[in-house]
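Below is one structure; the comments refer to it alone.
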Amino acid sequence: MRLKIGELAKLAGCQVVTIRFYEKEGLLREPERTGANYRLYGDEDIERLRFIMHCRRHGMKLSEIRELLAFKDKPRADCGWINTLVEKHIDNVTHQIASLLGLKEQLEKLLHECSGERKGTCGILESLTEADGCPYCENFRCRAKADTANKNVKKIK
């Protein structure tokens, strides 16, 4: 089967620009070209694009997808590192869930600060203005500082 880029995008459920981006990043191979310079894609390209998009929906970075594709193209004996990669993503999702539950709790507290019937003042706006005692905000600031510190350590290495 030979498809032009628009047909591939429609089939895969993505934008044409996404396909071009994945080509530029080296995740999709350089496609065949027609005499009029249209890109042509085959079944392998469809499978590869779907794999990439599936990985992206699972929160994987382009660098991780690149490694997975390289392994998929030329498998080595041991794929244990893939388990480690998925475990890392599970940990990340667990932290995101905890963070979102904390955010939900704080939003529910904010909701009870105002009945919506006061004129001139709003308990929610006052609470958001005085965010000093908000545990979610403090936790967020701590995570942001830790992320910055980790990035600086990686730069030094």
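Residue pairs whose Cβ atoms lie under 8 Å apart, separated by 6 or more positions or on different chains, with the first residue in segment 99-113 and under 10 Å from CYS134 (Cβ atoms) and the second of a type in the set (A, V, I, L, M) and not in a helix (DSSP H, G or I), do not occur. Taking segment 11-25 as the search range and keeping residues that are under 14 Å from LEU40 (Cα atoms) and modelled with pLDDT of 95 or more, which one is nearest to the chain's Cα centre (by Cα)? Checking each candidate, the answer is ILE19.
One residue is enough: does segment 84-107 have a residue meeting the conditions more than 30 Å from ARG29 (Cα to Cα) and at pLDDT below 70? Among the residues of segment 84-107, not one is more than 30 Å from ARG29 (Cα to Cα) and at pLDDT below 70, which makes the answer no.
Checking GLU87 against (1) over 26 Å from GLY6 (Cα atoms); (2) in the same structural domain as TYR22 (by TED's automatic domain parsing); (3) among the acidic types (Asp, Glu), only one condition comes out false. Which one? Going through the list (1) over 26 Å from GLY6 (Cα atoms); (2) in the same structural domain as TYR22 (by TED's automatic domain parsing); (3) among the acidic types (Asp, Glu), GLU87 breaks only (2). Only one of the listed residues (LEU69, LEU62, LEU40) is among the hydrophobic types (A, V, I, L, M, F, W, C), over 30 Å from VAL93 (Cα atoms) and either in contact with a Phe, Trp or Tyr (Cβ under 8 Å, 6 or more places away or on another chain) or in contact (Cβ under 8 Å) with a residue 12 or more places away in the chain (or both). That residue is LEU40.
The values are calculated or read from the model by the stated rules, or taken from the named source; none is laboratory data. Computed from a predicted structure; not experimentally measured. Glycine also receives a Cβ, built like all others from the backbone with ideal geometry; neighbour counts cover every protein chain displayed.
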